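Here is the structure we will look at.
The values are calculated or read from the model by the stated rules, or taken from the named source; none is laboratory data. As the structure is a prediction and not an experimental result, all values here were calculated from the model. Don't worry about glycine lacking a Cβ; one is built from the backbone with ideal geometry, like all the others, and counts go over all protein chains shown. Ligands, DNA and RNA are stripped out before the accessible areas are found, and what is left, the full protein with its side chains, is counted by its heavy atoms. Shrake-Rupley method; radii C 1.70, N 1.55, O 1.52, S 1.80 Å.
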Amino acid sequence: MPEVGKKREIPIAPIDRIMHQEGAERVSEEAARLLRDFLEKFAREISREAFELAQHANRKTVTKEDVEFALKRFYRYFQTVLTTT
């Protein structure tokens, strides 16, 4: 359950539209909120990792390559988790 009063960056409406575009006839608000919360947390983790990479390289600017590298690290992590369960 999301924290009460916490402002989210990603609105629910686009998440609902995506779910409908992918075939869902009906989408509960709870389902759309859960997916939105996950996507926002994931975006924050990738952003944090990319920022750390830029800092390590003594840069203020996060580059496309920083984000790609962060995504690859998380992708490898998810592959490991999914194949060991």
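Laid out as a table, the results:
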| read-out | value |
| --- | --- |
| Breaking point among (1) open to solvent by less than 50 Å² (accessible area, probe 1.4 Å); (2) in contact (Cβ under 8 Å) with a residue 12 or more places away in the chain; (3) not in a helix (DSSP H, G or I), for residue 27 | (2) |
| Of residues in segment 44-83 being of a type in the set (Ser, Thr, Tyr) and over 27 Å from residue 7 (Cβ atoms), the one least open to solvent (accessible area, probe 1.4 Å) | 63 |
| Scope segment 1-17; condition under 23 Å from residue 74 (Cα atoms) and either surrounded by 12 or more Cβ atoms within 10 Å (Cβ to Cβ) or in contact (Cβ under 8 Å) with a residue 60 or more places away in the chain (or both); matching residues | 8, 10, 15 |
